[in-house]
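The values are calculated or read from the model by the stated rules, or taken from the named source; none is laboratory data. The model shown is predicted, which means the values in this text are computed figures rather than measured ones. Because the Cβ atoms are built from the backbone with ideal geometry, glycine has one as well, and the counts that use them run over all protein chains shown.
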Amino acid sequence: MWKITNYALKSFRDAGFEIGDTESPIIPLYVRDTDKTFEVTKLAFDEGVFINPVIPPACAPQDTLVRFALMATHTKEQVDFAIEKLIKCFKQLDLLK
């Protein structure tokens with residue numbers, strides 16, 4: 001579990017995602033905009049990637065995010081696929097440079 005978690009954390013950071021100091025297999029991808037949090041969730045779903053939106057009142061309005069949840073059975077190839085699709089979705093909404 002930790003091998004794939006550390007791989008995903010490094011991959012998200014290298015791609016420029018804001019994930020904070022997390023070390024968890026449930027990785028926060030900060031969006032910081034409620035509307036865009038819903039939009040990126042839908043875009044990702046359409047690309048075959050399921051992420052969970054977190055919006056107020058579960059967090060402060062400026063701290064909205066989506067959660068990318070890993071399981072021990074995820075492969076490197078699946079993580080790479082998901083990150084590639086999330087890069088596309090986040091860039092489409094100008095959330096990632």
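One table, with the values for the structure above:
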item: Candidates Asp14, Asp21, filtered to the one that is acidic (Asp, Glu), in a helix (DSSP H, G or I) and loosely packed, with under 11 Cβ neighbours inside 10 Å; result: Asp14
item: Unique match (being modelled with pLDDT of 95 or more and in a loop (DSSP other than H, G, I, E, B)) among Pro57, Pro28, Pro53; result: Pro57
item: Among (1) within 11 Å of the chain's Cα centre (by Cα); (2) touching a residue at least 40 places away in the same chain (Cβ under 8 Å); (3) surrounded by fewer than 19 Cβ atoms within 10 Å (Cβ to Cβ); (4) not in a helix (DSSP H, G or I), the one test that Met71 misses; result: (1)
